[in-house]
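A.B. asks: Quick one: the structure is below, questions incoming.
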Amino acid sequence: MKKRMKKFVALAATTAMIGSLPVVGATTVSAADDITIGVSIWSSTDVLGSQCKKIIDKAAEALGVNVMYVDQGHVSEQVTSSVEQLCAAGCDGIIICNSADSEMTSAIQTCDANGVYLTQFFRIISEENSPEVYQTACNSQYYLGAVHEDEVTNGYTLVNLLLENGDRNIGLEAWTVGDATFQQRWEGYKQAVDEWNEANPDDQATITEPVYANTSSEEGAAAALSLYNSNPDMDALIVAGGGGDPLVGSIGALANEGLTGKIDVVSTDFLDDLAEQLETGGMFAESGGHFCDPLYAFLITYNAVQGNYVKEEGSFGYEILFPYLYVSSSEDYANYEQYFVEDDPYTDEEIVEMAGYSFEDLNKAATSLSIEDVISRHSN
């Protein structure tokens, strides 16, 4: 009761309290159980972030849950501050992305101190690279786990698409130094190049060191031009991520230089005009696209708040490894656009049903997600 009263007061005063990080798009829905889930997100307005917000809002409305957003720009001190602010605002649980391993210790400790559940999406703490942070997560009662993709395979697949197309001089554009997801994608990129070079000693491929573009289109444009000017033989560009805006800037910069179709661009952030970009040569191939990680992180957190999911003591928690979608033609994109953009991949009724699943069944639903899966459920 005390926490509920605190939450009511905090919700009424949130905008004034947050200060330099305003709550964005706070949605208040009458909820029987008065549950509020906070969303710490790099951006709720860029290409990918807005799709994430749309599916989270849909789930919140279907389940009668309050949802509150803080846009933190993937700036380290703002990431940790966003968790503090959402806890102070009375959230029962928080889902978070971007979240570097280095930021998660503070985030977990804040949630532990406030009794607030925490789930990552599009990210997972690396046991190998950050063993102390990983152990902190295991020791926490409130850190629930992560919903993410097989990033190494993603990177490996994208580079092989380029190599099979005849590209040999690959430029690499990243977003933030030290980000765990980029490190995994980079591992896959390098693995593909190394395997190709070992198998083809007379037809060698190269990949540059990353140039970092953060999450803006302007910096993406500058990074793409920097890579091209430093490597005039560059015939392919990987824009590793960053929410979509760096990719927009990179494509635009290459177009301005008359390089559209001459440099094959691949990325892991779908664009609103991807069909056109694939047709005109602005993009060669794309992976990712389904923006449903936060939906499943939301459902895990919702179930923990309800008492339905109880993390096993000393364990890392719940983990969902999503399959990626790959699109390399306008025909491929047409189905994606119909079933993921124009329509939502899940109806309200399906979301309510999934909210009642055991974790095993929820994980099965997630790992079954594909364009074909949505068609089979919604085509009748």
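The values are calculated or read from the model by the stated rules, or taken from the named source; none is laboratory data. Bear in mind that the values here come from a model prediction, so they are computed numbers and not experimental data. Cβ coordinates were reconstructed from backbone atoms using ideal geometry, including for glycine residues, and neighbour counts include every protein chain displayed. SASA here: full protein model, heavy atoms, side chains in, ligands and nucleic acids out. Shrake-Rupley method; radii C 1.70, N 1.55, O 1.52, S 1.80 Å.
A.B. asks: Magnitude of the Cβ-charge dipole of region 162-224, K/R +1 and D/E -1, about the Cα centre, nearest 20 debye? Spell out each step's value before the answer.
C.D. replies: On the way: 3 positive and 13 negative charges, 30 e Å.
So the magnitude is around 140 debye.
A.B. asks: So who's got an amide H within less than 5 Å of the one on Leu325, skipping anything under 5 residues away but keeping other chains? H placed 1.01 Å off N, in plane.
C.D. replies: Here the answer is Gly288, His290, since their amide H atoms fall under 5 Å of that of Leu325.
A.B. asks: While we're on this one: Size of the dipole of the chain about the Cα centre, Lys and Arg at +1 and Asp and Glu at -1 on the beta carbon, nothing else charged, in debye to 20?
C.D. replies: Values: 16 positive and 60 negative charges, 362 e Å.
Rounded to the nearest 20 debye, it is 1740 debye.
A.B. asks: Name the most mobile residue of Val83, Val193, Val159, meaning the one with the largest mean-square fluctuation, in a Gaussian network model of the chain with Cα contacts below 10 Å.
C.D. replies: Sorting by GNM fluctuation, first place goes to Val193.
A.B. asks: Here is a follow-up. Relative contact order of the chain: what whole-number percent is it, with Cα pairs under 8 angstrom and at least 6 residues apart? Mind showing how you got there, number by number?
C.D. replies: Numbers: 745 pairs, mean separation 61.7, N = 380.
Averaging sequence separation for qualifying contacts and normalising by length gives 16 percent for the chain.
A.B. asks: What's the magnitude of the charge dipole for region 259-334 around its Cα centre, counting Lys and Arg as +1 and Asp and Glu as -1 at the beta-carbon? Answer in Debye, nearest 20. Write out the running numbers ahead of the final one.
C.D. replies: Working: 2 positive and 13 negative charges, 49 e Å.
My answer is approximately 240 debye.
A.B. asks: With point charges of +1 on the Cβ of Lys and Arg and -1 on the Cβ of Asp and Glu, referenced to the Cα centre of the chain, which listed residue (Val159, Tyr357, Tyr69) lies farthest in the positive direction of the dipole?
C.D. replies: Tyr69
A.B. asks: How far apart, in nanometres, would the label points at Asn165 and Glu279 be if each is projected 7 angstrom from Cα along the Cα-to-Cβ direction?
C.D. replies: Reported label-point gap for Asn165 and Glu279 is 1.8 nm.
A.B. asks: Against the 2.2 N^0.38 Å scaling, with N counting residues, where does the chain land? I'd like the Cα-based Rg ratio to two decimal places.
C.D. replies: Numbers: Rg = 20.8 Å, N = 380, 2.2 N^0.38 = 21.0 Å.
Taking the Cα Rg and dividing by 2.2 N^0.38 Å, one obtains 0.99.
A.B. asks: Then there's this: For region 192-312, what does the alpha-carbon gyration tensor say about shape, rounded, prolate or oblate, given a ≥ b ≥ c as the root eigenvalues, a/c under 1.5 as rounded, and a/b over b/c as prolate? Display every interim value, and only then the final one.
C.D. replies: Working: a/c = 2.50, a/b = 1.73, b/c = 1.44.
It comes out prolate by the Cα gyration axes.
A.B. asks: Which of the GluC sites (Glu not before Pro) found in region 215-271 are in a DSSP loop and have at most 16 neighbouring Cβ atoms, other than their own, within 10 Å?
C.D. replies: Values: sites: Glu218, Glu219, Glu257; in loops: Glu257.
Here the GluC sites (Glu not before Pro) that fit, given the DSSP loop and packing criteria, are Glu257.
A.B. asks: How much of the accessible area of region 236-311, in percent, comes from carbon and sulfur atoms when a 1.4 Å probe is used? Don't skip to the end; give the middle numbers.
C.D. replies: Values: 820 of 2020 Å².
Whole-percent figure for carbon plus sulfur exposure: 40.
A.B. asks: Taking the dipole about the Cα centre of the chain, with the C-beta of Lys and Arg at +1 and of Asp and Glu at -1, give me whichever of Cys292, Ser250, Gln135 is farthest to the positive side.
C.D. replies: With unit charges placed on the Cβ atoms, the residue in question is Gln135.
A.B. asks: Leaving out ligands and nucleic acids, note down the accessible area per residue over region 319-363 with a 1.4 angstrom probe, in whole Å².
C.D. replies: Values: 2200 Å² over 45 residues.
I get 49 Å² per residue for this part.
A.B. asks: Return the long-range amide H neighbours of Gly93 (sequence gap of 5 or more, or a different chain), with a cut-off of under 5 Å between placed amide H atoms.
C.D. replies: Answer set, sorted by chain and number: Thr36, Gly38, Tyr117.
A.B. asks: Taking θ as phi - 60°, what are the ³J(HN,Hα) couplings along region 116-127 by the Karplus curve (6.51, -1.76, 1.60), each to the nearest whole Hz, with x for Gly and Pro?
C.D. replies: The phi angles translate into 10, 6, 9, 10, 8, 10, 6, 8, 8, 5, 7, 5 Hz.
A.B. asks: Most fluctuating residue of Val310, Val65, Val265 in a GNM of the chain with Cα springs under 10 Å: which is it?
C.D. replies: Of Val310, Val65, Val265, the most mobile in the Gaussian network model is Val310.
A.B. asks: Add -39500 (n - 2.57) for each DSSP H run of 4 or more in the chain, then divide by its residues: what number comes out at 222 nm, to the nearest 500 deg cm²/dmol? Don't jump to the answer; show the numbers that get you there.
C.D. replies: Working: 15 runs with 183 residues, N = 380.
-15000 deg cm²/dmol, from helical runs alone.
A.B. asks: Also, I was wondering about something else. Under a 5 Å amide H to amide H cut-off, with H placed in plane at 1.01 Å, what residues pair with Asn169 once short-range neighbours are removed?
C.D. replies: Amide H neighbours of Asn169: Thr206, Asp235, Ala236.
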